[in-house]
Amino acid sequence: MAASAEAAPLRVSASPAASKQLGGAGRGHGRDALVFAAGVAAAVLAILGSASVLAPGSSSLLVAFPVPGPEDGPRTFYDDPELSYDAVDGRRLTGWDAKRAEWLRSRGIARRSSPERVVMVSGSQPEPCPGDAGDHLLLRFLKNKLNYCRLHGIQLLYNRDFLQPAMSSYWAKIPIVRAAMLAHPEAEWIWWVDSDAVFTDMDFSLPLATRYGGYNFVAYGVAKDIRRKSWLGINAGVFIIRNCQWSLDFLDEWARMGPAYPEHARWGKVLRDELSDKDSDVACDQSALVYLLLFNWDRLEKKTFIETEYYFMGWWGEIMDRLDGVAASYEAVERRAPGLRRRHAEREHLLHAAARNAAVRGAVPGPAGGGKTGWRRPLITHFTGCQPCSGGRNPTYSKESCDDGMRRALLFADDQVLRAYGFRHAAPLNDSVLPLPFDYPARS
Ligand SMILES: *[C@@H]1O[C@H](CO)[C@@H](O)[C@H](O)[C@H]1NC(C)=O
């Protein structure tokens, strides 16, 4: 597919030019409304779509596109012996948009879907975690992603292998993201989420077809840090990348600064010299990303969106003190809105989420998806520096702040999910659950 050339028809980002976003654009309530409306429409369509499966004759639709078996069917890019999944040693992949489009056609799969198909990719190291509760914590972080993905119709791929041995640690994400694109030609987007990031708003859906419609790569940034060319200006821990040739080329360029390439050592020095606060000589994935974007912005800005308006990826230190207040704000809205208190099946989550988002917008200050101000739920709370697996947290954070923070965020998210099962946790840091009374939270 010609993603790089496609101007999404639904693009309502009304966004200022990307360079303006870099400088931190104003908030667009009108846009939020459109994004929300699109979400409702998608949810309604999803429900209508599933209802139509019951319509007589619809089953013929299912056989209209027989899926070719192992022996038959047209040859596709998978049959090319030169195709390599390897991000480093393999032959460069070219013409991916056409190959992907052809594969979709041969399977009778429409390229566009609503919502757009997403594969979330996350992962952790191959060996057991050395930290005391490391593996237990990673299990809970994984469970949190499973919850979010189940509720949003997203497929989750969890990786624990270094597909390219030299690309270890934080560089391991590039080979697996690239391989995921090839293994999932049906997916429009790959969403990388670090293992230590927690979804703390189960209601928020990424505005993929709208705000990000014309873009291929989206990451979270902090405008003031970008301006001073800090290596913390753009976060590499969470990003979405469109499944297209532009993205493969972008990943290649990013990977070339990594440890599998001879230029890696030189890049370490370049990054230290060019970024304002990089004090190490070793090129990490994030400083490489920041450099790649900031120093090639003219070339990349058309397809890159640096999200600065909501917590596409929020840092835990800015969030933890506010989570109880966020929970209280949402409860207050639900006390006034009987419709939001109705129990429902989990598969109707998105419809109810859209109604809740509509009710809290206006009543609870702050952007949808959460932000540095206000009381909206943060989409993602990222425990950067807490190192749950190794236990070797950044010495400036106390054990309590990291440990309690992670547990608090995970339980905060769990409570949003447990509700469809009739329970919630007894308190923000209590692992016991209590049954929810009917009509909660009106009579809690
Ligand atoms: C957690 O909640 C349960 C149920 O209310 C209670 O019995 C227990 O004492 C609480 N645990 C802590 C550590 O507060």
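The residues of region 386-406 that are more than 25 Å from the chain's Cα centre (by Cα) and within 16 Å of the ligand (Cβ to nearest atom) amount to a single one, GLU400. Test ALA368 against the stated conditions and say whether it is more than 16 Å from the ligand (Cβ to nearest atom), among the aliphatic types (A, V, I, L, M) and outside any loop (DSSP other than H, G, I, E, B). No, not satisfied. Among the residues in region 162-170, are any in the same structural domain as GLY268 (by TED's automatic domain parsing) and in a helix (DSSP H, G or I)? The answer is yes, given that some residue of region 162-170 is in the same structural domain as GLY268 (by TED's automatic domain parsing) and in a helix (DSSP H, G or I). Which residue, of ALA359, ALA409, ALA442, is within 19 Å of PHE312 (Cβ to Cβ), away from the ligand (no atom under 16 Å from the Cβ) and touching a residue at least 24 places away in the same chain (Cβ under 8 Å)? Checking each option against the conditions leaves just ALA409.
Would you point out the residue of region 108-151, among those that are acidic (Asp, Glu) and in contact (Cβ under 8 Å) with a residue 40 or more places away in the chain, that is surrounded by the most Cβ atoms within 10 Å (Cβ to Cβ)?
This residue is GLU116.
Within region 287-310, the residues that satisfy the criterion of being buried (at least 21 other Cβ atoms within 10 Å of the Cβ) and among the polar types (S, T, N, Q) are SER287, THR304. Taking into account only those residues within region 299-342 that are outside any helix (DSSP H, G or I) and free of Cβ contacts under 8 Å to residues at least 24 places away in the same chain, which is farthest from GLY233 (Cα to Cα)? So the residue we want is ARG342.
Before we move on, is ARG393 basic (Lys, Arg), in contact with a Cys (Cβ under 8 Å, 6 or more places away or on another chain) and either closer than 21 Å to SER122 by Cβ or outside any loop (DSSP other than H, G, I, E, B) (or both)?
Details: basic (Lys, Arg): yes; in contact with a Cys (Cβ under 8 Å, 6 or more places away or on another chain): yes; either closer than 21 Å to SER122 by Cβ or outside any loop (DSSP other than H, G, I, E, B) (or both): yes.
Judged against the criteria, ARG393 is a match.
Kindly evaluate GLY325 against the criterion of being surrounded by fewer than 20 Cβ atoms within 10 Å (Cβ to Cβ), in contact with a Phe, Trp or Tyr (Cβ under 8 Å, 6 or more places away or on another chain) and small (Gly, Ala, Ser). Here the answer is yes, as GLY325 does meet what is asked.
Out of curiosity, is GLY366 crowded, with 16+ Cβ neighbours inside 10 Å and without any contact (Cβ under 8 Å) to a residue 12 or more places away in the chain? Judged against the criteria, GLY366 is a match. Per the conditions (1) closer than 25 Å to ALA98 by Cβ; (2) of a type in the set (Phe, Trp, Tyr); (3) crowded, with 24+ Cβ neighbours inside 10 Å, the sole criterion not satisfied by PHE199 is (1).
Take region 413-436 and flag every residue that is assigned to a loop (DSSP other than H, G, I, E, B) and more than 14 Å from the ligand (Cβ to nearest atom).
To start, the set of residues in region 413-436 that are assigned to a loop (DSSP other than H, G, I, E, B) comprises 422, 426-432, 436.
Across region 413-436, the qualifying residue is only GLY422.
Elements of the type helices (runs of 4 or more DSSP H) sitting completely within region 203-298 and holding at least 2 residues that are outside the structural domain of PHE383 (by TED's automatic domain parsing), of a type outside the set (Ser, Thr, Tyr) and in contact with a Lys or Arg (Cβ under 8 Å, 6 or more places away or on another chain): these cover 245-255, 264-274, 285-294.
The values are calculated or read from the model by the stated rules, or taken from the named source; none is laboratory data. Keep in mind that what you see is a predicted model, and the values were worked out from it rather than measured. A quick note on method: Cβ atoms are made from the backbone with ideal geometry, for glycine too, and the neighbour counts reach across all protein chains shown.
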